[in-house]
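Trainee: Below are the structure tokens for one structure; questions will follow.
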Amino acid sequence: MVRENDSIVVPASSANLGCGFDCGALTLSLYMRVRGHLEATPGFRIRYSGPHPERVPLDDSNLVVRAARSAAERIGVGMAGGEIEIENEIPIAAGLGSSAAAIVAGILLAARQFGEPPDPMALLALACRIEGHPDNVAAAWHGGLVVAAPQPDGQVRVARAALPEDLQLIAVVPDFQLTTARARAVLPARYDRADAVHNLQRFALLVATCFSGEFRLAPELFLDRLHQPFRAPLVPGLEACFALRHPDLLGVFLSGAGSAVLALARASAAEIGDRLASEFMGRGVNARVFLLRPENRGARDFLAGRAADS
């Protein structure tokens, strides 16, 4: 029996927020759209359109398929094949949440296909197990700005705040792939107490001003000592991006594990994006600038049909 197609939309996300290593993420106006059906007959037929097609497998190892299979196993149904079409705007392996979007999309596709209403707690727990950390998948599901932490029982506790609609987001993606494994490998096994306190103080202030609704942001709130100093030597131009100052710049940080940089601004987004890109290009690395807006809708909202203006 061939099932009818279902459509899933999941937004991009940017994790870590500088000082919030593995703790928080925000959602961006780039999207992954997955359409298709799943079936018991063996064999997947996958079509992909979007950036970096050479990085997207079109077989059983595809991340959408792997996530859908994990969800089907949890539901207790057999799934051996199907037809999946992926229309993607999110750069692959650049730190903008493409893997989290694929995981959430696969889980939701399986839930829709096999008639199980998505349980947010179960969905996030499964997505976190596949992804390895909760921040991107929580942002992809909820939208806005999230702070997330896995619990001892495997569940994920999440708090969410809506982002101001007038906040300008600038993603600068250098033509330089930095794998998460390599970005993780350079991190130290232990940290100095002063460095941990430095990050805790800034992330506490960042979360407090965002969840209060004031969003009194400043570049100093995003300063980090736990991961960016160790990852900066891996990406030519990254340290210069961190040092950039502009009257309208509210913060700049490595997006996820990189190699993308995300900047927040109150105005002058195009100018700030060009200046960040020039830091890469001045070192022989091409870079693409994305001028984006906050996305306060997550996959849950698109699933419920509140996506007419996307």
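None of the figures in this text is laboratory data; all of them are computed from the coordinates on show. Values in this document were obtained by computation on a predicted structure and should not be read as measured data. Don't worry about glycine lacking a Cβ; one is built from the backbone with ideal geometry, like all the others, and counts go over all protein chains shown.
Trainee: Given +1 on the Cβ of Lys and Arg, -1 on the Cβ of Asp and Glu, and no further charges, what dipole in debye does the chain carry about its Cα centre, rounded to the nearest 20?
Mentor: Values: 30 positive and 33 negative charges, 86 e Å.
Value, rounded to 20: 420 debye.
Trainee: Show me, for segment 200-206, the HN-Hα J-couplings you get by feeding each phi into the Karplus relation (A = 6.51, B = -1.76, C = 1.60, θ = phi - 60°), rounded to Hz, glycine and proline as x.
Mentor: Along segment 200-206, the couplings run 4, 4, 6, 5, 4, 5, 4 Hz.
Trainee: Along the positive direction of the dipole of segment 6-162 (beta-carbon charges: Lys, Arg +1; Asp, Glu -1; about the Cα centre), which of Ser70, Gln151, Gly20 reaches farthest?
Mentor: The Cα lying farthest towards the positive end belongs to Gly20.
Trainee: Over segment 187-310, what relative contact order in percent results from Cα pairs under 8 Å that are six or more residues apart?
Mentor: 17 percent
Trainee: In addition: Which far-off residues, 5 or more places away or on another chain, put their amide H under 5 Å from the one on Ser29, with H placed in the peptide plane?
Mentor: Under 5 Å from the amide H of Ser29 lie the amide H atoms of Arg293, Glu295, each far enough along the sequence or on another chain.
Trainee: In addition: Compute the signed sum of charges (Lys and Arg +1, Asp and Glu -1) over the other residues within less than 14 Å, Cβ to Cβ, of Thr180.
Mentor: +1
Trainee: Where a ≥ b ≥ c are the square roots of the eigenvalues of the C-alpha gyration tensor, would you call segment 168-292 rounded, which needs a/c under 1.5, or, failing that, prolate if a/b is larger than b/c, or oblate?
Mentor: Oblate shape, in that a/c is at least 1.5 and b/c is the bigger or equal ratio.
Trainee: Please report the net charge: other residues with Cβ closer than 11 Å to the Cβ of Pro229, K and R +1, D and E -1. It would help to have the intermediate numbers written out before the result.
Mentor: Numbers: positive: Arg225, Arg231; negative: Asp195, Asp224, Glu239.
Cβ neighbours under 11 Å give a net charge of -1.
Trainee: Could you give the size of the charge dipole of segment 152-285 about its Cα centre, using +1 on the Cβ of each K and R and -1 on the Cβ of each D and E, expressed in debye and rounded to the nearest 20? Could you put the intermediate results ahead of the total?
Mentor: Working: 14 positive and 14 negative charges, 95 e Å.
So the magnitude is around 460 debye.
Trainee: While we're here: Using amide H atoms built 1.01 Å from N in the peptide plane, name the residues 5+ places from Gly143, or on other chains, whose amide H lies under 5 Å from its own.
Mentor: Gly298, Ala299
Trainee: Which of the peptides 124-131, 60-67 is most tightly packed, and how do the rest follow, going by the mean number of other Cβ atoms within 10 Å of each residue?
Mentor: Ranked from most to least packed, the peptides come out as 124-131, 60-67.
Trainee: Can you tell me the order of 253-259, 221-227, 111-117, 69-75 when each peptide is scored by its average per-residue count of other Cβ atoms within 10 angstrom, highest first?
Mentor: Going from most to least packed, we get 253-259, 221-227, 69-75, 111-117.
Trainee: Let me ask something else. Remind me, relative contact order of segment 66-121 in percent, using alpha carbon pairs under 8 angstrom and six or more residues apart?
Mentor: 50 percent
Trainee: Evaluate the distance, in nm, between pseudo-label points positioned 7 Å from the Cα of Leu200 and of His52 along their respective Cα→Cβ axes.
Mentor: 3.5 nm
Trainee: To continue, here is another question. Tabulate in residue order the Karplus-calculated ³J(HN,Hα) for segment 64-69, using 6.51 cos²θ - 1.76 cosθ + 1.60 with θ = phi - 60°, rounded to whole Hz; enter x for Gly and Pro.
Mentor: Result, ordered by residue: 4, 5, 4, 5, 4, 5 Hz.
Trainee: Relative contact order of segment 6-162: what whole-number percent is it, with Cα pairs under 8 angstrom and at least 6 residues apart? Mind dumping the intermediate values first?
Mentor: Values: 366 pairs, mean separation 45.3, N = 157.
For segment 6-162, the relative contact order is 29 percent.
Trainee: Then there's this: For segment 111-131 and segment 249-294, compute the distance between their C-alpha centroids and round to whole Å.
Mentor: A separation of 33 Å, based on Cα centres.
Trainee: With Cβ to Cβ distances under 15 Å as the rule, what net charge do the other residues near Leu291 carry (K, R +1; D, E -1)?
Mentor: Neighbour charge sum, excluding Leu291 itself: -3.
Trainee: While we're on this one: Please list, ordered by chain and number, the residues whose modelled amide H lies under 5 Å from the amide H of Leu178; skip anything fewer than 5 residues away on the same chain.
Mentor: Those lying under 5 Å, H to H, from Leu178 are Ser259.
Trainee: Something else now. Read phi for every residue in segment 176-188 and hand back ³J(HN,Hα) as whole Hz from Karplus 6.51 cos²θ - 1.76 cosθ + 1.60, θ = phi - 60°, with x for Gly and Pro.
Mentor: Whole-Hz 3J(HN,Hα) from phi for segment 176-188: 8, 8, 10, 6, 4, 4, 5, 5, 6, 5, 7, 6, x.
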